[in-house]
Amino acid sequence: MPLVVQKFGGTSIASAARMREVADHVKHCRSRGDEIVLVVSAMGSETDELIALASQITDDPSGRELDMLITAGERKAIALMCMALHDVGVPADSFTGSQAGFLTDTNHRNAKILSVTPKRVTESLEAGRVAVVAGAQGVSTDNDVTFLGRGGSDTTAVALAHGLGADACELYTDVSGVFTTDPRVCPRARKIARIGFDELLEMTAMGCPKPAARSVEVARTYGVPLHVRSAFTWEPGTWVVDTESGMDAREMEKPIVTGIVPDTSQAKVTLVGVRDEPGIAAKVFRTLADAAVVVDMIVQNVGDHDRTDISFTVPAESADEVAAICEAMVDTVGFSSTNTDADIARVSLVGAGMASHPGVAATMFETLAAQDINIEMISTSPIRISCVVAEADVDRATVALHTAFGLD
């Protein structure tokens with residue numbers, strides 16, 4: 001019997017009616033011979049509501065207690081999901097992250113999985129039951145409840161699929177798969193039937209919201225086949241596989257670029273007049289790393305009279321914090337000022353074919369120039385090119401690039 005781990009996000013189980021639909025779907029899957037393990041998120045926007053409630057109590061909640069609060073949403077969801085399954089005649093057992101065998105580090109609010117020992121889940125399956133596991137949670141080496149962070153249910157599902165030796169991991173969400181770009185920005189965006197792990201990892205790292213980047217990384221590391229699909233239409237979605245098995249003769253003429261990813265979640269910080277000497281950049285970025293700041297693109301200008309500018313991008317929500325950290329370094333590092341620009345966006349080309357085809361960068365830059373869009377920063381990898389542009393231009397850039405690279 002094929003063993004499939006199915007993960008349902010918050011919108012997919014946002015109401016009792018939605019839970020009953022999922023229960024009917026699980027019943028149908030079992031009737032065709034599949035063994036099913038469910039991983040569920042908190043219902044709807046409950047996680048946000050719990051965080052907002054905590055903020056009404058205190059501006060600085062304890063990480064331990066916040067994790068205890070947030071993970072209550074998933075515990076509520078697994079109990080209700082089991083009730084829905086029982087009601088349609090499907091035997092099921094609910095398990096918290098710790099009961100399902102998820103051991104994590106001690107980093108509250110964004111814990112990392114150390115190991116998965118799904119003994120109780122296996123016992124439930126052997127008894128002919130559906131195991132329903134709470135997503136995004138585990139127990140730390142200090143024996144505290146931990147939360148895996150945003151998108152943690154995706155990571156739970158993939159890690160559990162690996163731990164159980166499942167045949168596939170299906171990530172059900174409110175979209176029907178991975179698209180060539182954001183359909184809200186470009187109506188001509190198309191669903192991608194098959195995509196490689198490396199390509200999707202680049203896309204999620206550059207701003208593609210689903211699935212969570214951490215889950216794709218775990219799936220790639222352990223070779224877990226992913227199927228990203230809709231919990232509302234139940235249609236086939238996008239299969240995520242290793243590059244070799246993802247290609248076949250029918251795909252020999254596939255586009256060089258697989259997707260265009262717009263991202264408006266970044267801000268640019270510029271350190272003006274930095275001393276142009278060895279070790280300065282190391283001091284700046286070590287200080288930011290010690291403050292747990294995630295830095296993405298970095299550009300250093302050519303020095304002039306022993307001074308230079310360093311620009312880098314950070315998540316927009318942390319821009320003010322980063323600016324304050326940088327201002328505190330003015331005297332020790334030696335630069336004249338800090339500038340922050342929140343009105344920027346990033347647009348990225350992603351495609352495995354880019355590594356062996358010349359002219360991709362030229363076409364991208366020519367397309368943006370034809371649209372009179374200025375490029376502020378550029379970064380590349382073997383299968384990605386990213387440009388920072390004005391936020392007001394990013395949608396226009398996305399549509400133009402989608403057409404230029406034959407994705408319409």
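The values are calculated or read from the model by the stated rules, or taken from the named source; none is laboratory data. In this text, all values refer to a predicted model and were calculated from it rather than measured experimentally. Using ideal geometry, Cβ is built from the backbone for each residue, glycine included, and neighbour counts are taken over all protein chains shown. Protein only, heavy atoms only, side chains kept; ligands, DNA and RNA dropped before computing areas. Shrake-Rupley method; radii C 1.70, N 1.55, O 1.52, S 1.80 Å.
When the helices of the chain are scored as -39500 (n - 2.57) per DSSP H run of n ≥ 4 and the total is divided over every residue, the value at 222 nm lands at -10000 deg cm²/dmol. Taken about its Cα centre, segment 35-130 carries a charge dipole of roughly 280 debye when the Cβ of each Lys and Arg holds +1 and the Cβ of each Asp and Glu holds -1. Just the protein heavy atoms count here, and of the accessible area of segment 93-159 at 1.4 Å, carbon and sulfur take up 45 percent. Across segment 312-367, counting alpha-carbon atoms alone, Rg and Dmax equal 17.5, 47 Å.
Based on alpha-carbon atoms, the Kirkwood radius and the radius of gyration of segment 94-226 give Rg/Rh equal to 1.01. The trypsin sites (Lys or Arg not before Pro) of segment 126-191 that meet both conditions, a loop assignment by DSSP and at most 11 other Cβ atoms within 10 Å of the site Cβ, are ARG184.
Under conditions of 10 °C and 1.306 mPa s, segment 54-131 yields 111 µm² s⁻¹ as its translational diffusion coefficient, taking Rh as the Kirkwood radius over Cα pairs in the Stokes-Einstein equation.
Close Lys pairs in the chain, defined as Cα atoms under 17 Å apart and 8 or more places apart or on different chains, number 5. Each of PHE179, PHE365, PHE8 has its accessible area taken with a 1.4 Å probe; listed largest first, they run PHE365, PHE179, PHE8.
Modelled spin-label separation between LYS283 and ASP331, with each label point placed 7 Å from Cα along the Cα-to-Cβ direction: 1.3 nm. Computed about its Cα centre, the charge dipole of the chain is approximately 1360 debye, with only Lys, Arg, Asp and Glu carrying charge at their Cβ. As a rough guide to protection, the peptides 201-211, 218-228, 273-283 ranked by mean Cβ packing within 10 Å, highest first, stand as 201-211, 218-228, 273-283. Taking all C-alpha pairs of segment 1-47, those more than 12 Å from each other amount to 61 percent. For segment 261-334, would you read off the P(r) tail past 14 Å as a percentage of all alpha carbon pairs? Distances greater than 14 Å cover 59 percent of the Cα pairs. In the calculated pair-distance distribution of segment 259-408, the portion above 22 angstrom amounts to 45 percent of the Cα-Cα pairs. Just the protein heavy atoms count here, and of the accessible area of segment 322-383 at 1.4 Å, carbon and sulfur take up 53 percent. With a cut-off of 12 Å between beta carbons, the residues surrounding GLY152 carry a summed charge of +2, where Lys and Arg count +1 and Asp and Glu -1. Per residue, the chain exposes 45 Å² of accessible surface when a 1.4 Å probe is rolled over the protein heavy atoms with every protein chain present. With contacts taken as Cα pairs under 8 Å and at least 6 residues apart, the chain reaches a relative contact order of 13 percent.
The distance between label points at ALA17 and ALA79 comes to 2.5 nm (points 7 Å beyond Cα on the Cα→Cβ vector). Dimensions of segment 184-240 from C-alpha coordinates, computed as largest minus smallest value along each principal axis and given longest first, are 33, 25, 16 Å. Each distinct pair of alpha carbons in segment 1-149 adds a 1/r term; the inverse of their mean, the Kirkwood radius, is 15.7 Å. For segment 95-153, relative contact order (Cα pairs under 8 Å, six or more residues apart, normalised by length) works out to 43 percent.
Computing Rg and the Kirkwood Rh from the Cα coordinates of segment 132-172 gives a ratio, Rg/Rh, of 1.01. Towards the positive end of the charge dipole of the chain, with charges on Cβ (+1 Lys, Arg; -1 Asp, Glu), say which of VAL139, ALA369, VAL294 has the farthest Cα. Going by the charge dipole, the pick is VAL139. Three principal axis extents of the chain based on alpha-carbon atoms, in descending order, are 76, 54, 32 Å.
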